[in-house]
Amino acid sequence: MAKQTVKDLDVNGKRVLVRVDFNVPIKEGKITNDNRIQAALPTINYLIDNGAKVILLSHLGKINHKDEEKTEADKKKNNMAPVASRLAELVNCKVTFVNETRGAILEEAIANMNNGEIILVQNTRYEKGESKNDSELGEYWAKLGDLFVSDAFGSVHRAHASTVGIATHLPSACGFLVEKEIENLSAAIDNPKRPLIAILGGAKVSDKIAVIENLLKIADKVIIGGGMAYTFLYAKGYNVGTSLLEADKVELAKEFMERGKDKLVLPVDTVVANDFSNPTEIKTVNSNEIPDGFMGLDIGEKTIELFKKELEGAKTVVWNGPMGVFEDPRFAKGTEEVCKILANLDGAMTVIGGGDSAAAAIQLGFADKFTHISTGGGASLEYMEGKELPGIAIIQEKK
Ligand code: AMP
């Protein structure tokens, strides 16, 4: 990889600002899933083992800065303190939580650090200027350190003060998590072994326009499932009943089908139900025979077979978006079967973009069956769209 990584930096005795993704779910002050903290440990431990003073920055949730009452409530809800407590349990060094994002207390705490210690700064979004990449804020934070390490893959598609702003002013490198993400996504998208097959699903065509567009250019096949398939089926002239339909995207779907021709693979049958939350009738019908009053909630058996055939011999597969409403076991089969097909593909690189398809693969027990499951839904989607990720672009190239 062309970008510097943490191993290219001489970190001994240096104040290293590390942008991590500690945006963990917290309920009543308790962290319910610490995966994101765990994922940052390789970089943190490497820096500690090599004598750095590690200053961690992360956002947590959202902070409304327009209404004062809401700002205070959001700050209370999205306080980093529980994250510091959990981190202290996971590392073998001193962890100090600084309940500030700027000022004398933070500056003194950093001045008093010893090598091999950690400071976790309060939620970066306490600062109004964070999400706007306020230049004064980025410059101020940069002055608190000597080096910058980007290890928050879930945030690299955002040009914020803590992702891009700081990196503008300091020698910079990617952490191990970001390095692994970029290596895998780049191998799958920029330099794939062919055939490259893309599987796209999820709720809406509108969320995936740019990714369909890019993958139609670079992939050998683009398989479409999930809620967004029904807009395509409607564009083919089929009745889709009460299935998810984006009427304003029908023309675009037609255009994609004309452009993609045989490259674009659509479901040939679908599991339909008479109601979303309380279905009393569930059946599988051909895609062109969806009855009025029924909605498509999963791909059917024939489609699973078709997708399996299309995937035979694939050397690279990228997947973003579930094949059906997988959260409900009655409509999870399509997503589960796609997981199984990919798990059994011989010699293929399989990459899942983050978000719901990653959640589905993990929830269905396939976490270790893929070459790579991305930790960043938005970031991996933008990578698959062919967009430059600002938080990566700003990192210095290897010398
Ligand atoms: P996305 O975030 O765009 O990847 O969409 C994921 C969501 O799409 C999940 O919550 C699924 O339940 C939902 N989804 C998948 N298939 C369908 C469908 N046929 N109808 C409605 N929602 C769907």
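General observations
- In the stretch 330-350, the count of residues that are out of contact with any strand residue (DSSP E or B) (no Cβ under 9 Å at 6 or more places or on another chain) and within 14 Å of the ligand (Cβ to nearest atom) is one or more.
- Subset tally (residues that are part of a strand (DSSP E or B) and surrounded by fewer than 21 Cβ atoms within 10 Å (Cβ to Cβ)) for the stretch 6-29: 3
- Restricting the stretch 293-329 to residues that are free of Cβ contacts under 8 Å to residues at least 60 places away in the same chain and closer than 16 Å to Lys263 by Cα, the residue that is nearest to the ligand (Cβ to nearest atom): Leu306
- Whichever residue in the stretch 203-225 is surrounded by fewer than 23 Cβ atoms within 10 Å (Cβ to Cβ) and part of a loop (DSSP other than H, G, I, E, B) and, among such residues, is farthest from the ligand (Cβ to nearest atom): Asp220
- Members of the stretch 221-246 found to be among the hydrophobic types (A, V, I, L, M, F, W, C) and either without any contact (Cβ under 8 Å) to a residue 12 or more places away in the chain or within 22 Å of Ile197 (Cα to Cα) (or both), listed by number: Val222, Ile223, Ile224, Met228, Ala229, Phe232, Leu233
- A Cβ distance below 9 Å, combined with a sequence gap of six or more or placement on separate chains, defines the contacts here; from the stretch 334-354, residues that are under 21 Å from Gly296 (Cβ atoms) and surrounded by fewer than 19 Cβ atoms within 10 Å (Cβ to Cβ) reach no residue that is at pLDDT below 95 and among the polar types (S, T, N, Q).
- Within the stretch 93-113, considering residues that are outside any helix (DSSP H, G or I) and in contact (Cβ under 8 Å) with a residue 40 or more places away in the chain, the one surrounded by the most Cβ atoms within 10 Å (Cβ to Cβ): Met113
- Scanning the stretch 194-221 for residues that are more than 20 Å from the chain's Cα centre (by Cα) and closer than 18 Å to Gly334 by Cβ yields a single hit, Lys221.
- Answer residue from the stretch 58-68, given it is surrounded by fewer than 17 Cβ atoms within 10 Å (Cβ to Cβ) and not small (Gly, Ala, Ser) and is nearest to Lys7 (Cα to Cα) among those: Lys62
- Screening the stretch 338-399 for helices (runs of 4 or more DSSP H) wholly inside it with 1 or more residues that are on the phi > 0 side of the Ramachandran plot returns the ranges 355-363.
- Taken together, Ile44, Ile55 contain a single residue that is farther than 18 Å from Lys180 by Cβ, crowded, with 16+ Cβ neighbours inside 10 Å, among the aliphatic types (A, V, I, L, M) and assigned by TED's automatic domain parsing to the domain that holds Ser155, which is Ile55.
- Among (1) modelled with pLDDT of 95 or more; (2) away from the ligand (no atom under 15 Å from the Cβ); (3) surrounded by fewer than 24 Cβ atoms within 10 Å (Cβ to Cβ) - the single one Asp368 does not satisfy: (1)
- Test: residue in the stretch 143-150 that is small (Gly, Ala, Ser), surrounded by 20 or more Cβ atoms within 10 Å (Cβ to Cβ) and within 17 Å of Leu56 (Cβ to Cβ): yes
- Filter pass, Glu179 being among the charged types (D, E, K, R) and either crowded, with 24+ Cβ neighbours inside 10 Å or under 15 Å from the mean Cα position of the chain (by Cα) (or both): yes
- Filter result for Ala359 (over 22 Å from Asn33 (Cβ atoms), surrounded by fewer than 21 Cβ atoms within 10 Å (Cβ to Cβ) and modelled with pLDDT under 95): no
- Just one residue in the set Thr32, Thr71 is surrounded by 15 or more Cβ atoms within 10 Å (Cβ to Cβ) and without any contact (Cβ under 8 Å) to a residue 60 or more places away in the chain; that residue is Thr71.
The values are calculated or read from the model by the stated rules, or taken from the named source; none is laboratory data. All figures in this text were calculated on a predicted structure; none of them were measured in a lab. Note: ideal-geometry Cβ built from the backbone for every residue, glycine included; neighbour counts use all protein chains shown.
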